[in-house]
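The values are calculated or read from the model by the stated rules, or taken from the named source; none is laboratory data. These figures come from a predicted structure and were not determined experimentally. Cβ placement follows ideal geometry from the backbone for every residue including glycine, while neighbour counts extend to all protein chains displayed. Calculation scope for accessible area: heavy atoms of the full protein, side chains included, ligands and nucleic acids excluded. Shrake-Rupley method; radii C 1.70, N 1.55, O 1.52, S 1.80 Å.
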Amino acid sequence: MSEPSGTEPGGPPAGTTAPDAADPMARGLAGRIPWPIGATALPIQPVRQLVDRLPTLPVALLYAPAVMAGLAFLFFLSFAWGVASGQVFTASWTWIAALDTAFAFRIDGLGLTFALLITGIGALVFLYTAGYFRTDPRVGRLLTLLVLFGISMVGLVLADDIITLFLFWEGTTVTSFLLVGFDYQKAGARRAALQALLVTGVGGLALLGALILLGDFAGSYRISEINLQGEALRENALYAPVLALVLLGAFTKSAQFPFHFWLPGAMAAPTPVSAYLHSATMVKAGVYLLMRLNPSLGGTEAWFWILTVFGAITMLIGSVWALRQTDLKLMLAHTTVMGLGTLVMLLGGGTDKAVIGAALFLVVHALYKASLFLMVGCLDKKAGTREIDALGGLRRAMPITAGMAAMAALSMGGVFPFVGFLGKEVIYEGALKVATEPVLVTMAALVANAMMVSVALMVALNPFHRGPAISPKPASDPDWEMLAGPAILAVLGLLFGLAAGPLGAGVVGPVASSILGRDIGDPHLALWHGFNTALMLSLCTFALGGLFYIGSRQIRLGLAGAETHQLTDADKVYDRVLAGLQAVVSGLMGRIQSGVLEHYMRSTFIALAVVLWGAVALSGGDRPAPHFNLPLVTFATLLIIIVSLFVVIVTRSRLLSITALGVLGTGISIVFVLYGAIDVAMTQLMVEILVVVFLAIALLRLPRTPERKGFRVGDAGIASAVGLGVTIVLISVLGTDLDYQLTAFFEAKSAPEAFGRNIVNVILVDFRALDTFGEISVIVIAAIGAVAALSAGRGAPIRSQGRTGKTEDAS
């Protein structure tokens, strides 16, 4: 669901709306639910302003991101020998010393492999993007977003501090939202971006709760130190809630059942984005999290069963629905869901063989899937469509693209001697060794892999070798920028298969050791292990996959019927859930938000009165009797306050009411002065001056209101209950011995740590900095709203009713 099939990238200029009818996937997704959730009503303007204001790259620097990513790849590659030898590299920069929080990073087998995949595939994707969007004025902005996303992913996989990990985790959420919704003129793209943001955002909140619990339990925010306490954590009562929250975060990010529906929808992103985010990077962030926390959370029955069952279900759903698709990009998206389910299922297996299978498949899947996504982009740009039924016989017109597709598909199908064959063999070996139901797990893997063979055949044969040469426009191979990425990745799939031994010792072994939390040595990978059970399963996979390919059209029709009857579409369930939430919220807001300020104030003060008198009733005990031995000036000030309050209540003159309100506030300032709170008195006085000025400007310009009603007993009762409650609570508090611990703390810490001697100011701007910032934000928002309200209709005559009842014009 990227740029419309058969069109050059570029699209309409910013601010215009592209016709969604050109995109069949957008037609299927848009307009299912009402505002504000539905795609058709999701406003373009806020998204456009956010995307268009992002920093961008000059056209002359379009190749700079690819060069920088390549240099980053070489930098991380320099650690490969040390990591393969068992070394771990760390770096740390203190961030919040008081909370023992630092930007801490750790390079081990798992982190290094992910970093190499992110930077290596990133360099190829950035180069591909420069060629694919060469004529698009938005190419610089797209590359900027891709670079920001890549930085977030590298930070995530190398973070050794849980706060640092979460910051980069949310960085991937925000940047992926912008990337998926890059074509914001399309309703389908806006809806897919919002869907991905909501689903992964909920998981991010769950992950934050889990990380905080882990840090509190371990007494450290370092992930490496938390993993050392795995045995104690698994026996602690916190284990169950931490596991549930971590799984929610990982499952939403990595599209595991029942959250698998958002990933195919995210194909609204341009093809380079899909190749980068949805093959090797973001969608594997949840898998990475499970791998990283396996030493502390793995090894339990709950871990085994949940990961194995949900991973197997996700694997089967992805492989089945891949056969349903006619759009090659959507077909690959569903196979990505299958691959992610396979990784989670193997992690749940818990044995060394299963974890080795997950470590190897992590690399295998990234190589062939990124290559195939980029190849589909070549077809879309140069042949005019991604629809498999509209393509055929293009091997002569696009020989290089056909060769790349064949090599990547052979690896995807697990054909000897590609690395995919090695991965499939190890997957079967791991499935046979899982701790829970190895037969069922192996059968599920067999069926899913057979479907992947069928998909691989469709991708490699149908567009290039099957039938006469057809395509919506004359086809040809693209330029070298677009060919380099898929070609290099496809060739690597062959070279890694031939170099199985070094791949196992240098990559798979260190990754598996990091996942298990102990050194497992060299896994001794090889293409040929003789005639064994895994080889027999591979032969069965090829045979069953061939049958699926022969009957692919009938299978597609059958799945289309199931989809028509809404039997399996989780995306529709998502729509219904959001529509239900919207209905509930709308009903509540209709009752709560009456639009009358008087109702809001009455509800607020009733709630305050209940809280105050509830505290009085629950506290019990004797209260000191108030004494009135006060100086005459204090009594005079109180008398001024009382008289001013009475005038505010009874007067019908706006000017007199405003004046009396100012006198009341000034009297309160005098009280503060009498008790030594000069700073507070000055603040109160300045606030009163501003309030009087603003009210005078606002109220005197408003039209005349109806005559005020008489004395209202209910409101008077509420006011009396609040006032008396506050008085009794204050008397109770002031009659007890004061606890000076906070006072002593602020006196001792203000000067040496906050560098201030005015304790009140230090509390506001340092110890309560975030609270003060929030208050300032509220004031600024209120001021903006007030200015907007006062400015509305400026220049138009004010219509009011005079005493005669006739409508008059007032300047």
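Do we have P502 as over 29 Å from R386 (Cα atoms) and either open to solvent by less than 10 Å² (accessible area, probe 1.4 Å) or free of Cβ contacts under 8 Å to residues at least 40 places away in the same chain (or both) here?
Values: over 29 Å from R386 (Cα atoms): yes; either open to solvent by less than 10 Å² (accessible area, probe 1.4 Å) or free of Cβ contacts under 8 Å to residues at least 40 places away in the same chain (or both): yes.
For P502, the condition - over 29 Å from R386 (Cα atoms) and either open to solvent by less than 10 Å² (accessible area, probe 1.4 Å) or free of Cβ contacts under 8 Å to residues at least 40 places away in the same chain (or both) - is met.
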| message | Need pairs with beta-carbon distance below 7 Å; first residue within 14 Å of L124 (Cβ to Cβ) and within segment 67-80, second among the polar types (S, T, N, Q); sequence gap 6+ or separate chains. | response | A69/T119; A72/T119; F73/T119
| message | Could you list, ordered by first residue, the pairs with Cβ atoms under 7 Å in which the first is in segment 513-527 and under 19 Å from G423 (Cβ atoms) and open to solvent by 60 Å² or more (accessible area, probe 1.4 Å) and the second is assigned to a helix (DSSP H, G or I) and of a type in the set (G, A, S), at least 6 apart or interchain? | response | D522/G504; D522/A505; D522/G509; H524/G504
| task | Go through segment 315-342 and count every residue that is without any contact (Cβ under 8 Å) to a residue 60 or more places away in the chain and closer than 11 Å to Q256 by Cβ. | result | 0
| task | List every residue pair whose Cβ atoms lie under 9 Å apart, where the two residues are 6 or more positions apart in sequence or sit on different chains, the first residue falls within segment 778-803 and is loosely packed, with under 10 Cβ neighbours inside 10 Å, and the second residue, located anywhere, is at pLDDT 55 or above and part of a loop (DSSP other than H, G, I, E, B). | result | R803/R704
| task | Scan (1) surrounded by fewer than 24 Cβ atoms within 10 Å (Cβ to Cβ); (2) farther than 22 Å from P272 by Cβ for the single condition K382 breaks and write down its number. | result | (2)
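Out of E753, E747, I need the residue that is out of contact with any Lys or Arg (no Cβ under 8 Å at 6 or more places or on another chain), in a helix (DSSP H, G or I), at pLDDT 85 or above and open to solvent by 100 Å² or more (accessible area, probe 1.4 Å). Which one?
Working: E753 fails: at pLDDT 85 or above.
Answer to the check: E747.
Can you go through L422, L323, L362, L330 and tell me which one is of a type outside the set (F, W, Y) and at pLDDT 90 or above? Please lay out each step first, then the result.
On the way: L422 fails: at pLDDT 90 or above; L323 fails: at pLDDT 90 or above; L330 fails: at pLDDT 90 or above.
None of the other options fit; the residue is L362.
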| Does L544 satisfy the condition of being among the hydrophobic types (A, V, I, L, M, F, W, C) and within 17 Å of E429 (Cβ to Cβ)? | no
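Kindly evaluate E425 against the criterion of being assigned to a helix (DSSP H, G or I), surrounded by 24 or more Cβ atoms within 10 Å (Cβ to Cβ), in contact (Cβ under 8 Å) with a residue 24 or more places away in the chain and not aliphatic (A, V, I, L, M).
Numbers: assigned to a helix (DSSP H, G or I): yes; surrounded by 24 or more Cβ atoms within 10 Å (Cβ to Cβ): yes; in contact (Cβ under 8 Å) with a residue 24 or more places away in the chain: yes; not aliphatic (A, V, I, L, M): yes.
So E425 passes the test.
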| Options V491, V508, V415: the member that is under 35 Å from the mean Cα position of the chain (by Cα) and farther than 18 Å from A358 by Cβ | V491
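So is L112 buried (at least 22 other Cβ atoms within 10 Å of the Cβ) and within 25 Å of the chain's Cα centre (by Cα) or not?
Details: buried (at least 22 other Cβ atoms within 10 Å of the Cβ): yes; within 25 Å of the chain's Cα centre (by Cα): yes.
For L112, the condition - buried (at least 22 other Cβ atoms within 10 Å of the Cβ) and within 25 Å of the chain's Cα centre (by Cα) - is met.
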| Filter result for A431 (open to solvent by less than 10 Å² (accessible area, probe 1.4 Å), among the hydrophobic types (A, V, I, L, M, F, W, C) and in a helix (DSSP H, G or I)) | yes
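Does I759 satisfy being modelled with pLDDT of 85 or more and either surrounded by 10 or more Cβ atoms within 10 Å (Cβ to Cβ) or among the charged types (D, E, K, R) (or both)? Walk me through it before giving the result.
Working: modelled with pLDDT of 85 or more: no; either surrounded by 10 or more Cβ atoms within 10 Å (Cβ to Cβ) or among the charged types (D, E, K, R) (or both): yes.
So I759 fails the test.
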| query | In this structure, does V453 turn out to be open to solvent by 10 Å² or more (accessible area, probe 1.4 Å), more than 31 Å from the chain's Cα centre (by Cα), under 18 Å from T541 (Cα atoms) and touching a residue at least 60 places away in the same chain (Cβ under 8 Å)? | reply | yes
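When you go through I606, I640, I658, I649 one by one, which is the residue that is at pLDDT below 85, out of contact with any strand residue (DSSP E or B) (no Cβ under 8 Å at 6 or more places or on another chain) and open to solvent by 70 Å² or more (accessible area, probe 1.4 Å)? Spell out the reasoning first.
Values: I606 fails: at pLDDT below 85; I640 fails: at pLDDT below 85; I658 fails: open to solvent by 70 Å² or more (accessible area, probe 1.4 Å).
Exactly one residue qualifies, and that residue is I649.
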| request: Name the single residue, out of those in segment 81-90 being part of a helix (DSSP H, G or I) and touching a residue at least 60 places away in the same chain (Cβ under 8 Å), that is nearest to F105 (Cα to Cα). | output: V83
| Residues in segment 529-540: is at least one in contact with a helix residue (DSSP H, G or I) (Cβ under 7 Å, 6 or more places away or on another chain), surrounded by fewer than 16 Cβ atoms within 10 Å (Cβ to Cβ) and modelled with pLDDT of 90 or more? | yes
| request: Of all residues in segment 457-488, count the ones that are open to solvent by 10 Å² or more (accessible area, probe 1.4 Å) and under 30 Å from L346 (Cβ atoms). | output: 5
| remark: Listed by range, helices (runs of 4 or more DSSP H) wholly within segment 217-300 having at least 1 residues that are free of Cβ contacts under 8 Å to residues at least 24 places away in the same chain and either open to solvent by less than 10 Å² (accessible area, probe 1.4 Å) or under 24 Å from G109 (Cβ atoms) (or both) are 223-227, 230-234
| remark: Screening A189, A210, A206 for residues that are open to solvent by less than 50 Å² (accessible area, probe 1.4 Å), modelled with pLDDT under 90, not basic (K, R) and not in a loop (DSSP other than H, G, I, E, B) leaves only A189
| note | Considering segment 609-621, residues that are open to solvent by 70 Å² or more (accessible area, probe 1.4 Å) and either closer than 20 Å to L734 by Cβ or at pLDDT below 85 (or both), and then whichever is nearest to the chain's Cα centre (by Cα), we arrive at V611
| Pair list, Cβ < 8 Å and 6+ apart or interchain, from segment 677-696 residues that are within 17 Å of A789 (Cα to Cα) to residues that are not hydrophobic (A, V, I, L, M, F, W, C) | V691/G662; V691/G665
| message | Consider segment 394-418. How many of its residues are assigned to a loop (DSSP other than H, G, I, E, B), closer than 25 Å to A450 by Cβ and not aliphatic (A, V, I, L, M)? | response | 4
| task | Return the pairs, sorted by first residue and then second, in which the second residue is basic (K, R), the first residue lies in segment 366-377 and is farther than 16 Å from V455 by Cα, the beta carbons are less than 9 Å apart, and the residues are 6+ apart or on different chains. | result | A366/K284; G377/K329; G377/R386
| Are any residues in segment 143-155 touching a residue at least 60 places away in the same chain (Cβ under 8 Å) and farther than 16 Å from H278 by Cα, and if so, which ones? | L143, T144
| Count - residues of segment 113-168 that are of a type outside the set (S, T, N, Q) and outside any helix (DSSP H, G or I) | 8
| request: Check segment 230-250 and report whether any residue there is farther than 30 Å from K381 by Cβ and of a type in the set (D, E). | output: yes
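Looking only at segment 434-450, how many residues end up being assigned to a helix (DSSP H, G or I) and open to solvent by 40 Å² or more (accessible area, probe 1.4 Å)? If you could, list the steps in order and put the result at the bottom.
Initially, segment 434-450 is screened for residues assigned to a helix (DSSP H, G or I), giving 438-450.
Restricting the remaining residues to those that are open to solvent by 40 Å² or more (accessible area, probe 1.4 Å) gives 438-440, 443, 447.
So the count comes out to 5.
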